[in-house]
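> Please find one structure pasted underneath; my questions will follow.
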Amino acid sequence: MGVYWTTECLPIAVTSLLPVVLLPALGVLSARNTSGSYFNDTSMLFVGGLLVAIAIEVWDVHKRIALLVLRIVGAEPRCLLLGITLVTWFLSMWISNTATTAMMMTIVHALLEQFKDFMDVQEVALSVNINSSNEATLRQSTEHDLEKERHKQKSEAEFKRLGKALSLTVAYAANIGGIASLTGTGPNLVFFAASQKVFEDVGLHSPVSFSTWLIYGLPLSLILVVVMWLWMVTIFLRCKGNCSCCSLGPRSVSDQVQKVNEKIRDEYQKLGPVTYAQGSVIVCFVTLIITWVTRDLGGVGGWNSLFPGGYVSDSTPSLLFGILMFVLPSSFPSSITNRWTYQRISPLLSWKHIHTKMPWSLYLLLGGGYALARAATDSGLSAWMGDQLLVFRDLNHWVILLIVCYIITFLTEVTSNTAIATLMMPILSQMAISLQLNPLFLMFPAAITTSFAFMLPVATPPNAIVFSHGIVRVVDMVVSGLFLNCVSVPILLFATATWGNAFFKFDQMPPEFASNATIVSLRS
């Protein structure tokens with residue numbers, strides 16, 4: 001299946017269904033247990049979160065947030081790039097990276113059109129000035145024609161750099177934003193399910209939840225997105241003092257920025273006031289985040305203590321608010337003028353929206369991964385792999401983590417990051433136990449590393465969407481993405497060694513795992 005996922009000789013979703021056929025046929029796992037792996041607590045968390053995310057898309061809440069932030073930061077290129085970065089990063093924490101990228105690229109195209117229109121006006125003005133003031137000699141006319149051509153080439157080059165900066169920023173910020181929250185991207189959920197099973201197998205409760213993920217992932221994601229923005233400014237905008245991506249002079253720069261600001265303001269005004277439906281979705285979205293964060297406050301309380309232990313999880317509020325999207329009305333109920341006449345009110349979501357916007361292929365991919373992970377554990381494959389990986393026992397565990405992260409970083413450039421996470425989580429968990437390490441020490445950073453896919457268009461859907469618009473070449477993505485690939489892993493290791501280790505105790509192996517590691521060592 002790893003080869004099929006990598007080569008995509010079959011659609012990824014179809015490949016994900018193979019375990020239902022092959023595992024029972026080969027006597028590895030029963031059909032009942034295999035099929036049950038596709039429908040579990042983690043998949044319900046995924047479905048509930050997507051229902052709310054789809055409601056955000058349907059009612060253009062994400063577009064309203066994006067335009068509002070862009071109005072605040074302004075259209076000066078560095079600030080505009082920062083605004084695009086922050087909006088994309090924030091939205092991709094909660095809704096699909098693909099939907100975020102598609103929506104943001106529409107906004108980027110509209111902004112670039114305004115910059116382009118203003119440049120065309122400036123070219124016409126420059127041509128008129130030259131023709132009216134340089135009729136003395138043919139030589140002077142030729143010199144000014146050359147000056148006009150140089151100015152045009154310089155302006156076009158700077159416009160292209162601005163377009164590349166904005167486009168790549170959308171793709172990279174979407175990838176990085178998925179790191180910040182548990183539901184941000186598929187690999188996070190794969191790791192979440194794998195960690196739950198690893199800890200439950202030894203009678204422990206996994207310390208990973210929505211709120212605890214934020215403690216580790218949110219600061220890391222914020223650092224990475226700032227580094228990414230600085231890198232985009234450096235290599236594309238080449239700013240020195242006043243932003244050099246607009247070289248038409250201070251007054252022209254001011255006029256250009258004002259024109260783009262007007263475009264942003266006009267687009268925002270077209271949305272009109274916040275509607276009842278948008279307000280309802282925003283309230284539900286914020287309340288859902290609050291319930292996720294406050295369910296388990298890392299051992300110091302939370303509303304889950306109101307229920308019997310282990311009965312509620314992050315999927316509980318996720319599905320509650322997902323169902324509410326089909327219950328709450330999309331418009332404020334008006335007074336009934338006739339007691340025998342009732343006006344039909346549409347809900348916030350209909351099944352038609354789910355049918356067209358729900359990424360069912362990702363759901364199947366997650367299910368196939370869970371089935372493979374269970375088969376690897378039940379068949380003893382994970383334990384066998386752990387035995388083979390004991391050859392690394394003499395290496396420093398931080399060196400092992402560094403090697404693992406870089407391998408995964410470059411693997412995700414050529415195959416699905418969710419598929420890579422699915423294949424690696426069982427191996428890394430057993431490897432960590434065999435080396436007498438906390439399983440989270442290798443699994444958590446590796447899951448995050450699967451989102452470090454910045455170099456190639458095929459690496460992630462956001463990369464592919466941005467590349468399809470024709471603004472960015474492959475070489476642009478490779479050059480800018482290689483630096484991010486290389487620098488992201490050391491930043492991840494720093495986060496793991498500092499606040500990640502302080503909270504999750506990566507350097508401490510629970511005694512229950514230690515006993516299993518001893519058994520493995522005796523077998524070897």
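Residues checked against (1) out of contact with any Asp or Glu (no Cβ under 8 Å at 6 or more places or on another chain); (2) at pLDDT 85 or above; (3) over 26 Å from ARG238 (Cα atoms); (4) surrounded by fewer than 24 Cβ atoms within 10 Å (Cβ to Cβ):
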position: ILE433; (1), (2), (3), (4): yes, yes, yes, no
position: PRO439; (1), (2), (3), (4): yes, yes, yes, no
position: LEU456; (1), (2), (3), (4): no, yes, no, yes
position: PRO461; (1), (2), (3), (4): yes, no, yes, yes
position: MET477; (1), (2), (3), (4): yes, yes, no, yes
position: VAL487; (1), (2), (3), (4): yes, yes, no, yes
position: GLU512; (1), (2), (3), (4): yes, no, yes, yes
position: VAL520; (1), (2), (3), (4): no, no, yes, yes
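> Give the residues of segment 264-295 that are β-branched (Val, Ile, Thr), more than 17 Å from LEU67 (Cα to Cα) and either touching a Ser or Thr at 6+ places or on another chain (Cβ under 9 Å) or outside any helix (DSSP H, G or I) (or both), sorted by residue number. Working first, answer last.
Applying the first criterion (β-branched (Val, Ile, Thr)) to segment 264-295 yields 264, 274-275, 281-283, 286-287, 289-291, 293-294.
In the following step, the residues that additionally are more than 17 Å from LEU67 (Cα to Cα) were identified as 281, 283, 286-287, 289-291, 293-294.
Across segment 264-295, the qualifying residues are ILE289, THR291, VAL293, THR294.
> Does ARG32 meet the test of being surrounded by fewer than 22 Cβ atoms within 10 Å (Cβ to Cβ), farther than 28 Å from TRP229 by Cβ and among the charged types (D, E, K, R)? Full working, then the answer.
Numbers: surrounded by fewer than 22 Cβ atoms within 10 Å (Cβ to Cβ): yes; farther than 28 Å from TRP229 by Cβ: yes; among the charged types (D, E, K, R): yes.
Taking the combined requirement at face value, the residue satisfies it.
> Among (1) under 19 Å from LEU218 (Cα atoms); (2) in a helix (DSSP H, G or I), which single condition is ASP476 missing?
(1)
> Related question: Determine which single condition GLU8 fails, assuming it passes every other condition in (1) touching a residue at least 24 places away in the same chain (Cβ under 8 Å); (2) in contact with a Ser or Thr (Cβ under 9 Å, 6 or more places away or on another chain); (3) of a type in the set (D, E, K, R).
For GLU8, the exception is condition (1).
> I would also like to ask the following. Check whether at least one residue in segment 96-106 is in a loop (DSSP other than H, G, I, E, B), modelled with pLDDT of 85 or more and of a type in the set (A, V, I, L, M, F, W, C), and report yes or no. Full working, then the answer.
Going through segment 96-106, the residues in a loop (DSSP other than H, G, I, E, B) turn out to be 96.
Cutting the leftovers down to modelled with pLDDT of 85 or more gives us none.
Scanning segment 96-106, I find no residue that is in a loop (DSSP other than H, G, I, E, B), modelled with pLDDT of 85 or more and of a type in the set (A, V, I, L, M, F, W, C), so the answer is no.
> Tell me, which residue of segment 58-92 that is charged (D, E, K, R) and either within 17 Å of VAL260 (Cα to Cα) or part of a helix (DSSP H, G or I) (or both) is farthest from the chain's Cα centre (by Cα)? Write out each step before concluding.
Just the residues of segment 58-92 that are charged (D, E, K, R), to begin with: 60, 63-64, 71, 76, 78.
Okay, now just the ones that are also either within 17 Å of VAL260 (Cα to Cα) or part of a helix (DSSP H, G or I) (or both), so 63-64, 71, 76, 78.
Numbers: LYS63: 17, ARG64: 20, ARG71: 24, GLU76: 26, ARG78: 22 Å.
Filtering segment 58-92 for residues that are charged (D, E, K, R) and either within 17 Å of VAL260 (Cα to Cα) or part of a helix (DSSP H, G or I) (or both), the one farthest from the chain's Cα centre (by Cα) comes out as GLU76.
> Would you tally the residues in segment 353-397 being more than 29 Å from ARG32 (Cα to Cα) and either modelled with pLDDT under 80 or of a type in the set (Gly, Ala, Ser) (or both)?
Narrowing segment 353-397 to residues more than 29 Å from ARG32 (Cα to Cα): 353, 356-357, 387-397.
Next, only the ones that are either modelled with pLDDT under 80 or of a type in the set (Gly, Ala, Ser) (or both) stay: 387-393.
Count: 7.
> Six or more apart or on different chains, Cβ under 6 Å: which pairs go from a residue in segment 353-366 that's over 20 Å from ILE323 (Cα atoms) to one that's assigned to a helix (DSSP H, G or I) and modelled with pLDDT under 80? Could you list them?
The qualifying pairs are LEU365/ILE12.
> Please find, among GLN388, GLN436, the residue that is among the polar types (S, T, N, Q) and outside any loop (DSSP other than H, G, I, E, B).
Values: GLN436 fails: outside any loop (DSSP other than H, G, I, E, B).
The conditions single out GLN388.
> Residues being in a helix (DSSP H, G or I), polar (S, T, N, Q) and either within 28 Å of TYR276 (Cα to Cα) or more than 23 Å from the chain's Cα centre (by Cα) (or both): count how many of those fall in segment 11-56. If you could, list the steps in order and put the result at the bottom.
Initial filter on segment 11-56 (in a helix (DSSP H, G or I)): 12-15, 18-25, 31-36, 41-56.
Now narrow it down to the ones that are polar (S, T, N, Q): 15, 33-35, 42-43.
Restricting the remaining residues to those that are either within 28 Å of TYR276 (Cα to Cα) or more than 23 Å from the chain's Cα centre (by Cα) (or both) gives 15, 33-35.
The qualifying residues number 4.
> Mind checking whether some residue in segment 157-173 is acidic (Asp, Glu), in contact (Cβ under 8 Å) with a residue 24 or more places away in the chain and either within 22 Å of CYS79 (Cβ to Cβ) or assigned to a helix (DSSP H, G or I) (or both)? Talk me through it step by step, then tell me what you get.
Narrowing segment 157-173 to residues acidic (Asp, Glu): 158.
Add one more test, that the residue is in contact (Cβ under 8 Å) with a residue 24 or more places away in the chain, and what stays is 158.
Checking the rest, the ones that are also either within 22 Å of CYS79 (Cβ to Cβ) or assigned to a helix (DSSP H, G or I) (or both) come to 158.
Yes: segment 157-173 contains one or more residues that are acidic (Asp, Glu), in contact (Cβ under 8 Å) with a residue 24 or more places away in the chain and either within 22 Å of CYS79 (Cβ to Cβ) or assigned to a helix (DSSP H, G or I) (or both).
> Let me ask another. Among all residue pairs at least 6 apart or on different chains, which show Cβ distances below 7 Å where the first residue, located in segment 405-430, is aromatic (Phe, Trp, Tyr) and the second is assigned to a helix (DSSP H, G or I) and at pLDDT 90 or above?
From segment 405-430, the pairs are TYR406/VAL489.
> Among the candidates SER331, SER318, SER346, single out the residue that is in contact with a Phe, Trp or Tyr (Cβ under 6 Å, 6 or more places away or on another chain), at pLDDT 80 or above and either surrounded by 19 or more Cβ atoms within 10 Å (Cβ to Cβ) or not basic (Lys, Arg) (or both). Can you show your working first?
Details: SER318 fails: in contact with a Phe, Trp or Tyr (Cβ under 6 Å, 6 or more places away or on another chain); SER346 fails: in contact with a Phe, Trp or Tyr (Cβ under 6 Å, 6 or more places away or on another chain).
One residue alone meets the criteria, SER331.
> Related question: What's the total number of residues in segment 237-272 that are modelled with pLDDT of 50 or more and either polar (S, T, N, Q) or within 31 Å of the chain's Cα centre (by Cα) (or both)?
Step one: filter segment 237-272 for residues modelled with pLDDT of 50 or more, giving 237-239, 252-272.
Pick out the ones that are also either polar (S, T, N, Q) or within 31 Å of the chain's Cα centre (by Cα) (or both) and you get 237-239, 252, 254, 256-258, 260-272.
Count: 21.
The values are calculated or read from the model by the stated rules, or taken from the named source; none is laboratory data. Only a predicted model underlies this, so the values are computations on that prediction, with no experimental measurement involved. Quick reminder, even Gly has a Cβ in these numbers, built from the backbone with ideal geometry, and neighbours come from all protein chains shown.
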